[in-house]
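The values are calculated or read from the model by the stated rules, or taken from the named source; none is laboratory data. The model shown is predicted, which means the values in this text are computed figures rather than measured ones. Cβ: placed from backbone, ideal geometry, glycine included. Neighbour counts: every protein chain shown. Only protein heavy atoms, including side chains, enter the accessible area calculation; ligands, DNA and RNA are left aside. Shrake-Rupley method; radii C 1.70, N 1.55, O 1.52, S 1.80 Å.
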Amino acid sequence: MKLQQLRYICEVANHDLNVSATAQSLFTSQPGISKQIRLLEEELGVEVFARNGKHLVSITPAGEEVLRVASEILHKVDAIKQISQEFSDETKGVLSIATTHTQARYVLPPIINQFMREYPEVSLQMQQGTPAQIAEMAAGGDVDFAIATEGLEHFSNLLLMPCYQWNRAVIVPKDHPLAQLDGPLTLAELARHPIVTYVFGFTGRSRLDEAFEQEGLSPKVVFTAADADVIKTYVRLGLGVGIVADMAHDPQTDGDLVTVNASHLFSPSVTSIAFRRGTFLRGYMYRFVNLFAPHLSREVIGKFLRSQGRAEAEKIFESVDVPLL
């Protein structure tokens, strides 16, 4: 059994059983991959993939278990490489992050700027996606860190560390009735207007829906998007009242819009940074986390790393004093 064979079966699974696409991504030949998979199956005495002629059509039950263990083995191999790199040169390496548009656009720029000043020889790679995609990338070991508000908790092999709390702002054009309110905004008043906000599953959307439901209100959500900038575009067109993360309003670029405080209407959401359990964190990875969330010191991160099981990690999570952004 070879590591190369384990890598091949995992990559084939990741490419929807398309051996040709796998070969292209690995810069090798399709027959070579097929041969190594067959040799592995012969050695194991079970088929990893079911076939129809020469085509792979599904993963067998035995294959599911083989792939699960193979993925863990490859993750451990990567951890060994990280350890060797840390001790050979702690200032060089790669840091890969998956996050949402809101984090990438409004929160991370100053953090990344400072990080790159401190570690100019670290290559930083960022991928954007839905919370589910982000969590899956981290759980599968495709990225080092996932940063999001929703979706991370669904993967049991991820360690979640709370970074900051945030709330929502209502954004409207300057001539909108809500911009002229004398007193605090109420949910009932807000529900009278068409609403433009995040797609369900994005950027704390669940807390928004919960607040209206608890008051017995059914808001008219006329447009949803994953991107706060897109939401603001349609608010400017008069499509409805925007509800976005409060950090997504930039006074300099959004001077034509007015924010109405809505923090008293919705419970705060928590943005977390997550990584796969068993990951070896290099020195610059600790530093990135600390820049993003100063309360997550190396000592606190170490507690998460040493936690045994999800329940213990959640207790540590709940004990952390999470600042409000």
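A few remarks follow.
- Test result for D182, part of a helix (DSSP H, G or I), open to solvent by 30 Å² or more (accessible area, probe 1.4 Å) and either under 30 Å from A293 (Cβ atoms) or out of contact with any strand residue (DSSP E or B) (no Cβ under 6 Å at 6 or more places or on another chain) (or both): no
- Single unsatisfied condition, T279 versus (1) farther than 24 Å from E136 by Cα; (2) within 18 Å of the chain's Cα centre (by Cα); (3) of a type in the set (S, T, Y): (1)
- The residue list A211, A225, A262 contains one member that is among the hydrophobic types (A, V, I, L, M, F, W, C), in contact (Cβ under 8 Å) with a residue 24 or more places away in the chain and more than 17 Å from I171 (Cα to Cα), which is A211.
- Residue in region 268-287 that is open to solvent by 30 Å² or more (accessible area, probe 1.4 Å), farther than 22 Å from I97 by Cα and touching a residue at least 60 places away in the same chain (Cβ under 8 Å) present: yes
- Picking from residues in region 123-140 that are surrounded by 20 or more Cβ atoms within 10 Å (Cβ to Cβ) and touching a Ser or Thr at 6+ places or on another chain (Cβ under 7 Å), the one that is farthest from G93 (Cα to Cα) is P131.
- Whichever residue in region 66-82 is more than 12 Å from I9 (Cβ to Cβ) and not basic (K, R) and, among such residues, is most open to solvent (accessible area, probe 1.4 Å): I80
- Test: residue in region 229-240 that is out of contact with any Ser or Thr (no Cβ under 7 Å at 6 or more places or on another chain), open to solvent by less than 60 Å² (accessible area, probe 1.4 Å), aromatic (F, W, Y) and not in a loop (DSSP other than H, G, I, E, B): no
- Whichever residue in region 288-302 is at pLDDT below 95 and of a type in the set (V, I, T) and, among such residues, is surrounded by the fewest Cβ atoms within 10 Å (Cβ to Cβ): V300
- Verdict on L17 being surrounded by 12 or more Cβ atoms within 10 Å (Cβ to Cβ) and in contact with a Lys or Arg (Cβ under 7 Å, 6 or more places away or on another chain): no
- Region 124-150 residues that are over 17 Å from R105 (Cα atoms) and in a loop (DSSP other than H, G, I, E, B), paired with ones that are at pLDDT 90 or above and among the hydroxyl-bearing types (S, T, Y) (beta carbon under 8 Å, 6 or more apart): D142/S96; V143/S96; D144/S96
- Of the criteria (1) in a loop (DSSP other than H, G, I, E, B); (2) over 25 Å from the mean Cα position of the chain (by Cα); (3) at pLDDT 90 or above, which one I171 fails: (1)
- Looking across L305, L265, one residue alone is of a type in the set (A, V, I, L, M), open to solvent by less than 70 Å² (accessible area, probe 1.4 Å) and more than 21 Å from the chain's Cα centre (by Cα). It is L265.
- Counting only helices (runs of 4 or more DSSP H) that sit wholly inside region 1-70, those with at least 2 residues that are within 18 Å of G141 (Cβ to Cβ) and among the hydrophobic types (A, V, I, L, M, F, W, C) are 3-14.
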